[in-house]
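Q: Pasting in a structure now, in structure tokens, and then I'll have a few things to ask.
Every read-out reported here was derived from the displayed coordinates using simple, explicitly stated rules and does not represent laboratory data. Owing to the predicted nature of the structure, the values given are computational and were not obtained by experimental measurement. Positions of Cβ are backbone-derived with ideal geometry, glycine not excepted, and every protein chain shown enters the neighbour counts.
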Amino acid sequence: MRIEPRLLPDTLPSLGDIPPLLTRLYAARGVQSEAELDKSLARLIPFQQLKGIEAAVDLLVTALEQRHRILIVGDFDADGATASTVGTLGLRLLGAAHVDYLVPNRFDYGYGLTPEIVAVALERDPQLLITVDNGISSVEGVAAAKKAGLNVLVTDHHLPGDELPLADAIVNPNQPGCGFPSKALAGVGVIFYVLMALRARLRSLGWYETRPQPNIGELLDLVALGSVADVVPLDANNRILVHQGLERIRAGRARPGIKAILEVAKRDHARITSTDLGFIVGPRLNAAGRLDDMSLGIECLLTEDAGLAREMAVQLDGMNQDRKSIEQGMQREALAQLKDLPVESMPFGLCLFDPEWHQGVIGILASRMKERYFRPTIAFADAGDGLLKGSGRSVQGFHIRDALSVVAAQHPNLITKYGGHAMAAGLTLPEANFPLFCEAFDEEVRRQLREEDLTGRLLSDGTLAVEEFHLELARALRHAGPWGQHFPEPLFHGVFQLVEQRVVGERHLKVVLRSECGSVKLDGIAFGIDRDIWPNPTIKWVELAYKLDVNEFRGNETVQLMIAHIEPR
């Protein structure tokens with residue numbers, strides 16, 4: 001693992017009275033003006049810049065005025081769950097008479113608005129179908145819905161294919177011809193924008209002259225959760241949405257379901273950060289969609305009953321524990337497949353398959369193996385009927401969805417279908433095509449990446465002076481974000497004397513350190529360490545990459561180093 005300096009612009013921006021360290025951190029993350037740090041809702045990009053937004057609002061106004069039955073079709077991950085919840089609650093708040101949701105079981109129906117899902121949807125007798133966090137690739141599904149006489153509104157954020165569905169309206173910042181500056185909106189962000197536009201239209205029509213005007217800002221905790229859990233880039237616009245949602249959670253105004261998940265996970269809502277949304281709340285919500293049916297997660301977010309929310313949060317927590325156990329077993333099996341393969345002989349593009357692997361967990365497995373071997377990785381599971389389902393995760397500099405597009409173009413009929421983002425993608429292919437796909441994918445990775453690109457790299461914001469290891473700075477860094485994808489939490493590095501070391505849990509290393517000059521004593525923790533190396537009483541000095549954090553224990557706060565990388569010196 002290499003620790004490299006994070007690049008700074010030649011000239012630091014003027015960011016008002018912000019301390020020099022924070023100015024440097026923001027500048028390294030592309031902030032160029034003080035205005036970009038304004039996280040008020042007034043700074044959101046106007047919804048009018050979204051292509052298709054007026055047509056979408058036309059559909060929704062008609063549905064509200066004529067009391068149409070609206071059915072939201074979501075996705076089975078945390079973004080899809082929060083988007084389904086935001087759409088359902090938001091439309092009810094704005095005056096829709098009949099709103100329900102449908103989330104396809106990933107194991108029975110696969111991804112998106114398929115003709116099979118339309119058939120299930122028709123049992124609810126809807127008049128308007130709204131997709132959230134899916135639909136941009138659902139050409140056949142939208143056609144089936146239109147043939148059945150339904151109006152269809154597609155809201156999505158995924159990259160479109162060569163052909164767009166013939167929906168009545170499409171809202172997606174990534175569709176051709178859309179000038180919306182932020183292409184990074186999550187699915188939940190897109191439907192929230194649609195609701196903002198609908199409320200504005202209804203206000204102009206006098207809809208609220210005889211009824212109270214709702215505050216759709218009440219939904220921002222859900223928008224924050226879905227955005228962080230989907231690991232979309234936190235550009236200035238997304239940082240506003242996430243910040244506002246975090247503020248609601250910290251103030252105790254979150255949905256009962258979010259409160260319950262945090263309570264079951266033993267997290268204080270008043271101290272919640274974007275990292276907690278991504279690593280604590282998101283995985284518990286995702287567990288339902290991975291192992292069973294995401295309806296449990298959506299119902300947990302929808303309910304107003306705190307007691308019922310806690311019951312469902314306990315079930316989600318249990319599912320997450322099951323998911324961890326399944327994942328660990330799959331990791332052992334994946335490592336066994338690779339144990340006799342020298343690193344120099346390993347493919348640049350890693351493809352893994354076991355017929356017993358769980359479809360709902362292969363994405364996490366791909367992520368773990370990518371982190372271990374520093375190369376684009378796709379894990380496959382048996383999808384039945386002679387098909388394999390794959391979930392891929394990529395490294396910086398390699399757009400995995402575009403790579404699949406190249407492979408599909410060069411090898412017609414090799415891949416049945418695919419979709420995704422730069423860093424994550426999914427695909428389906430016949431099991432008989434797996435060996436050829438492995439070769440083709442590896443060839444495409446080799447075409448784009450060099451061997452030196454396949455080594456672990458951590459970008460450091462530099463070293464901290466002895467006098468900077470204090471609570472005030474740790475607290476300031478915690479709240480200076482929100483931090484996340486493409487706006488990473490500050491990471492520092494340095495050499496420290498290792499005073500104490502012990503393993504806690506199964507694979508976590510708790511340490512006591514002294515600064516290089518020996519004048520400051522610090523606590524630190526490294527998660528998921530290699531038990532073949534640690535603990536080791538012969539190691540006296542270490543080089544660390546770490547985050548400066550606040551540890552709270554029995555009401556006392558102390559500085560703690562969250563160690564991202566540790567190696568002997």
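Q: Convert each backbone phi in the stretch 136-144 into a coupling constant with the Karplus relation 6.51 cos²θ - 1.76 cosθ + 1.60 (shift: θ = phi - 60°), then list the ³J(HN,Hα) values in order as whole Hz, x for Gly and Pro.
A: 5, 9, 8, 4, 5, x, 5, 4, 5
Q: While we're looking at this one, here's another question. Take ARG323, ARG531, ARG478 and order them by how many other Cβ atoms sit within 10 Å, fewest up front.
A: ARG531, ARG478, ARG323
Q: Separate question: Among all stretches of the chain without exposed GluC sites (Glu not before Pro) (DSSP loop, at most 12 other Cβ atoms within 10 Å), which one is longest?
A: The longest uninterrupted stretch comes out as 357-505.
Q: Which of rounded, prolate, oblate describes the stretch 50-315, given a ≥ b ≥ c as roots of the alpha-carbon gyration tensor eigenvalues and a/c under 1.5 marking rounded, otherwise prolate only if a/b is larger than b/c?
A: Because its axes are fairly even, with a/c under 1.5, the stretch 50-315 counts as rounded.
Q: For the cross-link pairs LYS51/LYS183; LYS147/LYS183; LYS146/LYS183; LYS266/LYS510, which exceed 22 Å when the distance is taken from alpha carbon to alpha carbon?
A: LYS147/LYS183; LYS146/LYS183
Q: For the stretch 505-561, what is one quarter of the convex hull surface built on the Cα atoms, given in nm²?
A: In nm², the orientation-averaged hull projection of the stretch 505-561 is 4.8.
Q: Something else about it: As a footprinting exposure proxy, order LEU59, LEU404, LEU301, LEU471 by other Cβ within 10 Å, with the fewest listed first.
A: Ascending Cβ contact count within 10 Å gives the list LEU471, LEU59, LEU404, LEU301.
Q: What list do you get for PHE437, PHE487 if you sort them by fewest beta carbons within 10 Å?
A: If I rank by nearby Cβ atoms, fewest first, I get PHE487, PHE437.
Q: Let me ask something additional. Tell me, for the chain, which Cys residues have no other cysteine's C-beta sitting closer than 4.7 Å.
A: CYS178, CYS300, CYS517
Q: With the Cα gyration tensor of the stretch 159-299 giving a ≥ b ≥ c as the square roots of its eigenvalues, does the rule (a/c under 1.5 for rounded; else a/b larger than b/c for prolate; else oblate) give rounded, prolate or oblate?
A: Oblate, because a/c is 1.5 or more while a/b does not exceed b/c.
Q: Using Cα pairs under 8 angstrom and six or more residues apart, how large is the relative contact order of the stretch 342-454, in percent?
A: Across the stretch 342-454, relative contact order equals 27 percent.
Q: Which residues' amide hydrogens lie under 5 Å from the amide hydrogen of GLY419, considering only partners 5 or more residues apart or on another chain, with H built in the peptide plane?
A: Residues meeting the criterion, in which the H sits 1.01 Å from N, are GLY426.
Q: Considering all projection directions equally, how large on average is the shadow of the alpha-carbon convex hull of the stretch 1-115, in square nanometres?
A: Taking the Cα atoms of the stretch 1-115, their convex hull projects to 13.0 nm² on average.
Q: Enter the Cα centre distance for the pair the stretch 505-524 and the stretch 311-375, rounded to the nearest angstrom.
A: Distance between centres, Cα-based: 30 Å.
Q: Sticking with this structure for a sec: Please turn the phi angles of the stretch 340-357 into ³J(HN,Hα) values with the Karplus equation 6.51 cos²θ - 1.76 cosθ + 1.60 (θ = phi - 60°), one per residue in order, whole Hz, x for glycine and proline.
A: So the J values, rounded to whole Hz, are 9, 9, x, 4, 5, 9, 6, x, 5, x, 8, 10, 10, 8, 9, x, 9, 5.
Q: Below 8 Å, C-alpha to C-alpha, sequence gap of six or more: please give me the relative contact order for the stretch 163-305 in percent.
A: 20 percent.
Q: Using only helices, what value at 222 nm comes out for the chain when you add -39,500 (n - 2.57) per DSSP H run of length 4 or more and divide by the total residues, to the nearest 500 deg cm²/dmol?
A: -11500 deg cm²/dmol
Q: Counting only residues 5 or more places away or on other chains, whose amide H sits under 5 Å from the amide H of ILE130 once H atoms are built in the peptide plane?
A: LEU71, ILE72, VAL73, LEU153
Q: Normalising by the residue count of the chain, find the relative contact order in percent from Cα pairs under 8 Å and 6+ residues apart.
A: 12
Q: Evaluate E = 1/(1 + (r/R0)^6) for SER345 and ARG569, where r is the Cβ-Cβ distance and R0 equals 30 Å; express this FRET efficiency to the nearest 0.05.
A: Once rounded, the FRET efficiency stands at 0.45.
Q: Suppose every Lys and Arg Cβ carries +1 and every Asp and Glu Cβ carries -1, with no other charges. What dipole size does the stretch 374-462 come out with about its Cα centre, to the nearest 20 debye?
A: Dipole magnitude for the stretch 374-462 comes out near 180 debye.
Q: Can you pull out the chymotrypsin sites (Phe, Trp or Tyr not before Pro) in the stretch 458-558 that DSSP calls coil and that have at most 14 other Cβ atoms within 10 Å?
A: Passing both the DSSP loop test and the Cβ count: PHE527.
Q: Now, a different point. Residue-wise, which Karplus ³J(HN,Hα) couplings in Hz belong to the stretch 203-214, taking 6.51 cos²θ - 1.76 cosθ + 1.60, θ = phi - 60°, and x for glycine or proline?
A: Result, ordered by residue: 4, 5, 8, x, 4, 9, 6, 10, 8, x, 7, x Hz.
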